[in-house]
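Notes follow the structure.
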Amino acid sequence: MHLLHVVPAPARAFTPPSGAIGYIPPPPASASADLEAAATHFLTDRLFPEARSRGLDPASMVRPTVVHECSTYRSSTEAVAATILRTATEIGAANLVMVSHHKARLQEALWGSVSKTVAAQARMPVTLVH
């Protein structure tokens, strides 16, 4: 199992589905390290203890993977979704399980949904967990 974190691309202007011009500020220099620390925290404090309680050896099953978003897409949503799908294909994933975060309706209308984009474009089964 791969636990994937996508690091946002550097600052850029783009046009979201709403048609307005948007801007994504650059991530802090520590973004990659912060994501790796968050992944480690999730694994050691939440996922690993749960797996061990079920008789599984999580260290042999889980591989944290950090990738950088490709920046050739119109919006961050499309870029992150494309990065997830590209990485899943590269590692030979048989299926995807994604955590879908709730957004306000206006926010989703303006920025879109990574999980919905992945589910619509994936060539493999996708399970969304809310």
Which condition from (1) farther than 23 Å from His130 by Cβ; (2) modelled with pLDDT of 70 or more; (3) outside any helix (DSSP H, G or I) is the one that His101 breaks? (1)
Can you confirm whether the stretch 12-34 contains a residue that is at pLDDT 75 or above, loosely packed, with under 11 Cβ neighbours inside 10 Å and not in a strand (DSSP E or B)? no
Taking the stretch 90-122 only, how many residues are in contact (Cβ under 8 Å) with a residue 24 or more places away in the chain and more than 12 Å from the chain's Cα centre (by Cα)? 11
Within the stretch 35-73, the count of residues that are assigned to a loop (DSSP other than H, G, I, E, B), closer than 22 Å to Ala88 by Cα and at pLDDT 70 or above comes to 2
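The values are calculated or read from the model by the stated rules, or taken from the named source; none is laboratory data. Remember, it's a predicted structure, so these values are computed and weren't measured experimentally. As a convention, Cβ positions derive from the backbone with ideal geometry for all residues, glycine included, and neighbour counts pool all protein chains shown.
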